[in-house]
Structures are given as structure tokens and as C-alpha cells.
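K.L.:
Take this structure, written in C-alpha cells, and hold onto it; I'll ask about it next.
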Amino acid sequence: MDTDPMSAAEVARRSPALAQAVAAPLTRAAIFLVAKLNPGSENRATMRSFCGDLAALVRAVEFRDLEGGLSCVVGFGSDAWDRLFGSPRPAELHPFREIRAGTRHAVSTPGDLLFHIRAKRMDLSFELATQIMARLGNAVSPVDEVQGFRYFDERDLLGFVDGTENPRGGAVVDAVVVDDEDADFAGGSYVIVQKYLHDLDAWNALSTEAQERIIGRTKLSDIELDDSVKPTSAHNALTTIVEGGKEIKILRDNMPFGRPGYGEFGTYFIGYSRSPRTIEQMLENMFVGRPPGNYDRLLDFSRAVTGNLFFVPSATFLDDATEDQAIEDQTAAVESSVGPAMTETSSSVPSSSIPSSSTSSVHEGSLGIGSLKGDTTHE
């Protein structure tokens, strides 16, 4: 029997989109690469063409070690989305919003594109990052690159286990994958990244008990402190978000990084979520406090030096991304109306930050979460 083409098209539209490897297993090595999309129609065309080629590029590098667990997730900032894909756009995509509260500052930094590359071996991650940058050539310019590593038994450089409360099994999809709430972008995710630098000398001068009260867990056994002894300012208390009696989870894949010869020690925070509002609320709780003033004392020892928000479209969306004249016309009109100065700027706007620790310049690594609720700056 012949297939009704209209029915087949309808089935295709209703088929669930395949997500990118957001929920890939934790690995021993990772590269976090943030880049700027350079102005020009040829660069936009190169980037859209690359989207459809990414899966094949990953397969080519992965074939060198099929047990290496290689994966790559690519995300797009708010301005880059408009320039590359036009309308419609993901419902909750916006520039990362900075947060200021006293001496605490969740910064917003430039970044149009995020490549989150993971593998069991750093050489696989390194090779894929090399091939990606060679493929994109002059279409992009690097903004920040961090090579992360697993530190003993999943600990950060502060000595505590990181990621204990990540969702598992089917709960991961519920936590990080967009569904019917934004049907055009089902299968996508939001991701916030922050690079935190730690003042390890000051941190290590604290007693273990004082450190545990700041984090909210025991250092050796990774057991959550009882509410009767855990301060309300503890990191894990402020980053627990409950709505309608249910805890709203995010997926963290934070990585330590550093350069001991330069005294640089940090955590690269990366959090995936179904809605950026969850992480934004975490950041506001951390930096401003819940209630205001009851802030995360971890920020006395850690400093956010980057902050970005990206949308991770489905793998299906990437495969279908092609040069589109309608998008080109729309983008050209936008660029001509705002002038060259706007097209040269990065997609980030002052924004918010999240928990973690850090101490250093923007080109150094660190821990983080990131994004703030609303556009208000808290003084």
C-alpha cells in the first residue's frame, strides 16, 4: 500500500527530536570552549554548515577509541541565535544577567558559542577540539578555553565531592530536556557556565568543621549535614530549589582545573536545565542571599570570572540546519539597522552568577553556576 505523503509528513513532525549528548556519562576529561561568531554572511554560512557536520566529525575522532566515551555538545548564545537562525527562537533564551550584591559579583562575559567536549581521555577531547576549530577557521574567535579533569573520587579542588545530587536514570530527561512547554524546540536544553577561581590558602586555613558548615556536607564521607546543625547559608541549602513541594533538579558536570605554577585553582561550573530560571534562582540565592544578606559563604573564597547562558538545540535541529536565504535577509536587515559596532560585540550582557569558588582573571579557570532572575542588579 502506498504511503500517504501528507500522513508521513505529519508523522515526521510529531516524531520526538533527538537530544544532543547532554546526559552523557561523566568522564575523566573535558574541554570547555567558548567562542565568538565573527561578523559576515560567510561566517554565518560556515557555522550553519558545521552544525550539520558535527555528528560526523565526532564519529571520525571517536573511531580511534570506541570505548573512549567521546561526545560534544554545542550551545548558542542569544545574539548568535538571532544571527544564525532567526525566528522562532527558544522561549527562555536571553543573555546571561549579572548579579551584584555587596562585594559579590556574578559577572557576564562575552560568548556566542559553547563547545562542551567530554571523553575518558584528554587526547580524544583535544583532538576533537582541534578538528572543530580547524573546520570553523576564521568564522569564529576563541574567547575562553578550559581543560578540566576528574580529581580523585569526584572531588573539587576544595576537597568536597561535587555533583552528588545529580538526577539519575529517567529523571535526567525530566530535569534537562525541553518538552511541550516550547514545542518548536523540544529536545533542547539550557546551559549556564561559570568559571570560578578559589583562594585555596584562605580556604585551607579553615577547620574541616568550618568548611563542612559552608558546603553543607561532611568532607570525608560526603553525607549531608542534618538540618539541625546545617546553616541556612550552606551552599547546598541555597542551591536547593523547591516548587510546589517538589525539588527542581539540574544536571551538573563541573570540572576542576588549574595551573599550580601560577597559583591558579578553580572549578568550571556547567549546569544543564529544562529552564534557565532554576539556575538563575540558585545564583540569586547564592549571591544576594535567601533572605537577602544570608548569602553563600563559599563566595568569600571563590570568585566567578566568567558567566554565559546558551541554548543547546536538539541533534535533530543541528542536522537540519542549512543555509537559509530568509534567515540571511533577516540577519542582514538587523545588522544594517544596528551598525557594525553591535555586530562585533559578543552575545553576553551583564548577567548573574552562581555558586562556586574562584580567584583569578577571566582567562583562568574556576567553578560556577550561572544566571540571574530578571534584569535587576542587586546592590
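The values are calculated or read from the model by the stated rules, or taken from the named source; none is laboratory data. The model shown is predicted, which means the values in this text are computed figures rather than measured ones. Surface areas here come from the heavy atoms of the whole protein model, side chains and all, with no ligands, DNA or RNA. Shrake-Rupley method; radii C 1.70, N 1.55, O 1.52, S 1.80 Å.
K.L.:
Provide, in order from the shortest bin, the percent of all Cα-Cα pairs of segment 67-188 in each 5 Å bin, continuing until the bin that contains the maximum pair distance.
P.N.:
Histogram of Cα-Cα distances, whole percents per bin: 2, 8, 12, 15, 19, 21, 15, 7, 1, 0.
K.L.:
Kirkwood hydrodynamic radius of segment 62-116 from all distinct Cα pairs, in Å?
P.N.:
Result for segment 62-116 stands at 14.2 Å.
K.L.:
Starting from the amide H of Arg217, placed 1.01 Å from N in the peptide plane, find each other amide H under 5 Å away whose residue is 5 or more places distant or on another chain.
P.N.:
Distant-sequence amide H within range of Arg217: Leu225.
K.L.:
Per residue, how much space in cubic angstrom lies within the convex hull of the C-alpha atoms of segment 136-247?
P.N.:
Per residue, the Cα convex hull of segment 136-247 comes to 184 Å³.
K.L.:
Past the 25 Å Cα-Cα mark, which pairs from Lys120/Lys195; Lys195/Lys249; Lys120/Lys230?
P.N.:
Violating the 25 Å Cα-Cα cut-off are Lys120/Lys230.
K.L.:
Mind listing the phi-derived Karplus ³J(HN,Hα) values for segment 49-64, rounded to whole Hz, using 6.51, -1.76 and 1.60 with θ = phi - 60°, and x for any glycine or proline?
P.N.:
Using θ = phi - 60°, the values come out as 5, 4, 3, x, 9, 4, 4, 5, 5, 4, 4, 5, 6, 4, 4, 5 Hz.
K.L.:
Translational diffusion coefficient, Stokes-Einstein: compute it for segment 5-148 using the Kirkwood radius over C-alpha pairs as Rh, at 10 °C and 1.306 mPa s, and state it as an integer in µm² s⁻¹.
P.N.:
Estimated via Stokes-Einstein, D reaches 93 µm²/s.
K.L.:
From the C-alpha gyration tensor of segment 122-180, pull out the three semi-axes of the equivalent ellipsoid (sqrt of 5λ each), sorted largest to smallest, in whole Å.
P.N.:
Listed largest to smallest, the semi-axes of segment 122-180 are 29, 21, 11 Å.
K.L.:
What percentage of the solvent-accessible surface of segment 26-132, computed with a 1.4 Å probe over protein heavy atoms, is contributed by carbon and sulfur atoms?
P.N.:
C and S fraction of accessible area: 53 percent.
K.L.:
How far is the Cα center of segment 175-204 from the Cα center of segment 236-277, in Å?
P.N.:
About 7 Å separates the Cα centre of segment 175-204 from the one of segment 236-277.
K.L.:
Then there is this: Counting only protein heavy atoms, what percent of the accessible surface of segment 169-260 is carbon or sulfur at a 1.4 Å probe?
P.N.:
Of the solvent-accessible surface of segment 169-260, carbon and sulfur hold 51 percent.
K.L.:
Expressed as a rounded percentage, what relative contact order does segment 178-273 have, with Cα pairs under 8 Å and six or more residues apart?
P.N.:
Relative CO of segment 178-273 lands at 34 percent.
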